[in-house]
Amino acid sequence: MADWEKLRELTYQVAPPDLASLARTARRRQRRARAFGVLAALVLVGGGIGVAAVGDTDRDTLQPAEDPTPTITDTPEDALPLPGRPPGADQVSVDAGRYRIPLSDTLAFEVDLPDETSAHDDGLFLATEDFVVKTEVAGDAYGVPRHPCTDQTIDPAGPTVDDLVQAISNLPLYQTTPPEPVVLGGAEGMYVEARIPRSYDASKCEGDAVQLPGNRETAVSGPPPYIGRWWILDVEGQRVVVQQNCWGCRPDQFDRAPQTPQSITFTPTS
């Protein structure tokens with residue numbers, strides 16, 4: 001597992017040749033700091049990853065996305081690999097472009113990333129300002145917490161898309177939209193939007209955070225408020241989960257989130 005404590009040690013070398021250049025650099029640092037912000041406080045918490053994040057107030061009701069069905073974009077012939085991480089770093093800054101990221105020995109995904117993106121854990125987490133996209137194979141061990149607050153142990157949810165969708169929809173504490181059929185990157189599956197309101201008191205939870213579904217090794221927890229968009233897909237027999245997560249977002253902010261998940265296509269590695 002990545003040593004997330006090193007993210008706190010990120011620094012930027014600024015060469016100030018003139019005032020205009022210094023101002024541009026400062027603005028760029030502010031934008032990049034926000035991109036790192038959600039992940040910069042990641043710490044290991046009981047076999048998962050805990051997120052410490054704060055943000056604005058949320059609304060009282062969960063509104064589904066106006067059109068959760070993604071728009072498939074044309075895939076260029078040559079997507080780029082993620083750039084290599086600097087020595088000792090656990091993340092890398094990524095220029096705008098289309099990238100190819102391995103998911104397993106047989107499957108990869110391609111995705112359009114905007115400028116000011118940071119890729120963590122070799123692309124498992126893609127952070128853009130307030131939002132984090134997480135894409136991973138969700139095999140038989142992928143599941144949901146026994147209780148998102150009081151018993152955050154991840155138990156397998158069953159092998160199918162419907163098994164996982166039902167398990168997420170039945171989680172206590174979460175507010176979820178009705179599952180909807182969806183196609184993402186040419187793969188069929190289901191779409192669910194989930195929320196934990198700011199009003200929920202997480203002080204009695206492990207780490208003052210609420211656990212999200214996931215693989216045990218990469219499961220993420222964080223404080224309310226939380227909003228997440230989840231695509232649970234069958235990609236040629238492999239279950240894949242794409243999440244777009246935000247801790248501290250208002251729903252109207254999330255409606256303006258980067259369309260990173262909608263650009264995803266899947267491709268074999270060989």
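The values are calculated or read from the model by the stated rules, or taken from the named source; none is laboratory data. This is a predicted model, so every value here is computed, not measured. Neighbour counts are summed over all protein chains in view; Cβ atoms, including those assigned to glycine, are modelled from backbone coordinates with ideal geometry. Each accessible area value is taken on the protein alone, full model and side chains, heavy atoms only, with ligands, DNA and RNA left out. Shrake-Rupley method; radii C 1.70, N 1.55, O 1.52, S 1.80 Å.
Within the stretch 190-210, identify whether any single residue is without any contact (Cβ under 8 Å) to a residue 24 or more places away in the chain, among the polar types (S, T, N, Q) and surrounded by fewer than 22 Cβ atoms within 10 Å (Cβ to Cβ), and answer yes or no. The answer is yes, given that some residue of the stretch 190-210 is without any contact (Cβ under 8 Å) to a residue 24 or more places away in the chain, among the polar types (S, T, N, Q) and surrounded by fewer than 22 Cβ atoms within 10 Å (Cβ to Cβ). Taken over the stretch 227-239, the residue count meeting the criterion of being out of contact with any helix residue (DSSP H, G or I) (no Cβ under 8 Å at 6 or more places or on another chain), touching a residue at least 12 places away in the same chain (Cβ under 8 Å) and open to solvent by 20 Å² or more (accessible area, probe 1.4 Å) is 2. On inspection, Thr160 passes the criterion of being in contact (Cβ under 8 Å) with a residue 12 or more places away in the chain and touching a Lys or Arg at 6+ places or on another chain (Cβ under 8 Å).
Filtered by the rule that a residue be more than 16 Å from Val132 (Cα to Cα) and open to solvent by less than 40 Å² (accessible area, probe 1.4 Å), the stretch 211-226 gives a lone residue, Asn215.
Flag: Gln166 does not match the condition of being farther than 19 Å from Leu233 by Cβ, surrounded by fewer than 18 Cβ atoms within 10 Å (Cβ to Cβ) and at pLDDT 95 or above. For the stretch 255-270, taking the residues that are outside any loop (DSSP other than H, G, I, E, B) and touching a Phe, Trp or Tyr at 6+ places or on another chain (Cβ under 8 Å), the one that is least open to solvent (accessible area, probe 1.4 Å) is identified as Pro261.
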